[in-house]
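Step one of this worksheet: look at the structure below.
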Amino acid sequence: MRIAVIGAGLMGADHAKIVAEDLPGTRLQVICDMDATRARSVADATGAADVANDPEGVIARADVDAVIVASPDFTHAPLSLAAIRAGKPVLCEKPLSQSSAECLGVMEAEIAAGRRFVQLGFMRRYDQSYVEMRRALAEGRIGRALMMHNFHRNVETPAADFTGAMAITNSAPHEFDVVRHVLGCEYASIAAWQPRRSDARVAPVVMVLETTDGQIVNIEINNNAAYGYDVRAELVGEGGSIAMNPVAYTRMDQAMAQSTGYDADWRSRYAEAYRRQNRAFLRFAETGVFPEIGSSAWDGYAAAVVAETGVRALTSGQKQPVQMMQKPEFYK
Ligand code: ISE
């Protein structure tokens, strides 16, 4: 399987490393980036065979069998469409698009092509904590699900002009996706608020969602939490609860105190989830069978609808109904 990685930024470099180190049987064929120096440095670090700067050209190349898209968000849907046109499986970083209409275009192209090509990079589904929550629910060990509490904290925003709307469209889609995956239902409504900060940085966004099955979900997105990358989740059922443990290999005991560290960002916290996701993508590329827990173009559409509705809820200060199309038979 000859793989091209499009985008040699943070995520592209990470994906290239996973392909090179953790996907036996693959060849890292091309690293593609507008910035030739960046592409070359990732290629050198990972032993990729070639570099390029034209993504659509790379997707069409005869010596490329599958594609990983990790270029800027606005390129995700157009490049997924190019992969569908070329008949090549694509692992596309989240979000598929911030526009649900554009996600719909990708779904329509896939349906017209008659088979799945697009796996979306909602890697949290492969994190062991969510795997266990979903299993506990399926096995009836905590009874019927009532609520899910979620915290998503970054050290600081990547850019100073990051807004509350961006917290909803860029960071929260991980929670939107993994919660509906764990609970196995869709959202019925969303409300969103922000507390006031004492400085100009973006304040946390707190959302409360109702599901179509009558559960309540709350999500805190705090992109300026200052102390570390910290994701927490607890699924509460009628007969028990299951919560994510902090992930740490060691504990420090010193000066009359006990402490564990935080990751600086998601790449190390979810390293194993990314590896599992990318292995699942490789199997998908080899067999054409869509991964059992993988997220699809439909899931990208669902996340985009909730995010669009969440932004309306934040700006209006009012709870908004989440209105999604019927799930096409193709994605069932
Ligand atoms: C960021 O946009 C991501 O995509 C990461 O996966 C997430 O964990 C991070 O907190 C987001 O801000």
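The values are calculated or read from the model by the stated rules, or taken from the named source; none is laboratory data. Just so it is clear, the model here is predicted, and its values are computed rather than measured. Neighbour counts run over all protein chains shown; Cβ positions are idealised from the backbone, glycine included. All accessible areas refer to the heavy atoms of the entire protein, side chains included, with ligands and DNA or RNA removed. Shrake-Rupley method; radii C 1.70, N 1.55, O 1.52, S 1.80 Å.
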(request) May I ask you to list the lysines whose Cα is less than 23 Å away from that of Lys94, ignoring any residue fewer than eight positions away on the same chain? (result) Lys17, Lys327, Lys332
(request) List the residues whose amide H sits under 5 Å from the amide H of Asn224, counting only those 5 or more places along or on another chain, with H placed 1.01 Å from N in the peptide plane. (result) Asn154
(message) Between helix 128-138 and the chain, what is the angle of the helix's C-alpha long axis to the longest principal axis, kept within 0 to 90° and rounded to the nearest 10?
(response) 60 degrees
(message) Show me the chymotrypsin sites (Phe, Trp or Tyr not before Pro) within the range 236-332 that DSSP assigns to loop and that have at most 13 other Cβ atoms within 10 Å of their Cβ.
(response) Tyr249
(request) Taking every pair of Cα atoms in the range 143-230, average 1/r, invert it to obtain the Kirkwood radius, and report Rg/Rh to two decimals. (result) 1.00
(request) Enter the angle in degrees (range 0 to 90, nearest 10) between the Cα long axis of helix 173-183 and the first principal axis of the Cα atoms of the chain, meaning the one along which they spread out most. (result) 70 degrees
(request) Using the heavy atoms of the protein chains and a 1.4 angstrom probe, tell me the accessible area per residue for the range 235-285 in square angstrom. (result) 64 Å²
(request) Pop out the carbon and sulfur fraction of the accessible area of the range 116-238 as a percent, whole number, probe 1.4 Å. (result) 51 percent
(request) Over the range 56-99, average the accessible area per residue using a 1.4 Å probe and give it in Å², no decimals. (result) 32 Å²
(request) Kindly sort Thr169, Thr309, Thr163, Thr287 by accessible area of their heavy atoms, largest first, with the probe set to 1.4 Å. (result) Thr287, Thr163, Thr169, Thr309
(message) Rounded to the nearest percent, how much of the accessible area of the range 251-332 (1.4 Å probe, protein heavy atoms only) is carbon and sulfur?
(response) 49 percent
(request) Report, in degrees rounded to the nearest 10, the 0 to 90 angle that the Cα long axis of helix 76-86 makes with the longest principal axis of the chain. (result) 40 degrees
(request) Assuming R0 = 30 Å, can you tell me the calculated FRET efficiency for the pair Asn245 and Arg283, based on Cβ-Cβ distance, to the nearest 0.05? (result) 0.60
(request) Distance between Cα centroids, the range 99-177 to the range 262-312: provide it in whole Å. (result) 7 Å
(request) May I ask for log10 I(q)/I(0) of the range 237-285 at q = 0.22, 0.23 Å⁻¹, from a Debye sum over the Cα atoms as equal point scatterers with solvent left out? (result) -0.89, -0.91
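If the only charges are +1 at each Lys and Arg Cβ and -1 at each Asp and Glu Cβ, what is the size of the charge dipole of the chain around the Cα centre, to the nearest 20 debye?
380 debye
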(message) Using the basic label-point model (7 angstrom from Cα toward the beta carbon), what is the Glu329 to Ala112 distance in nanometres?
(response) 2.0 nm
(message) Translational diffusion coefficient of the range 1-145 at 10 °C, 1.306 mPa s, Stokes-Einstein with Kirkwood Rh over Cα pairs, in µm²/s as a whole number.
(response) 99 µm²/s
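For the range 133-188, what is the accessible area per residue in Å² when the probe is 1.4 Å?
40 Å²
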(message) Output wanted: per-residue J couplings in Hz (rounded whole) for the range 143-156, from phi through Karplus 6.51 cos²θ - 1.76 cosθ + 1.60, θ = phi - 60°, x for Gly and Pro.
(response) x, 5, 5, 10, 8, 9, 9, 9, 10, 9, 10, 10, 4, 7
(message) Just to check I understand the Karplus step: with θ = phi - 60° and J = 6.51 cos²θ - 1.76 cosθ + 1.60, what whole-Hz values come out for the range 298-307, glycine and proline as x?
(response) 4, 5, x, 5, 4, 5, 5, 5, 5, 5
(request) Would you compute, from DSSP H runs of 4+ residues alone, the mean residue ellipticity of the chain at 222 nm, taking -39500 (n - 2.57) per run and dividing by the full residue count, rounded to the nearest 500? (result) -11000 deg cm²/dmol
(request) Rounded to the nearest Å, what's the spacing between the alpha carbon centres of the range 200-244 and the range 39-74? Just the number, please. (result) 36 Å
(request) With r as the distance between the Cβ atoms of Asp73 and Met147 and R0 = 41 Å, compute the FRET efficiency 1/(1 + (r/R0)^6) and round to 0.05. (result) 0.85
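Determine the order of Val118, Val155 by accessible area, beginning with the largest, at a probe radius of 1.4 Å.
Val155, Val118
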(request) Per residue of the range 248-264, in order, report the coupling 6.51 cos²θ - 1.76 cosθ + 1.60 (Karplus, θ = phi - 60°) as ³J(HN,Hα) in whole Hz, putting x for Gly and Pro. (result) 7, 7, 9, 9, 9, 10, 6, 6, 6, 9, 10, 8, 10, x, 10, 6, 7
(message) Within 14 Å, Cβ to Cβ, of Glu132, how many net charges do the neighbouring residues add up to if Lys/Arg are +1 and Asp/Glu are -1?
(response) +2
(request) Give me the percent of the accessible area of the range 23-93 that comes from carbon and sulfur atoms, probe 1.4 Å, all protein chains in place. (result) 56 percent
(message) Against the 2.2 N^0.38 Å scaling, with N counting residues, where does the chain land? I'd like the Cα-based Rg ratio to two decimal places.
(response) 1.00
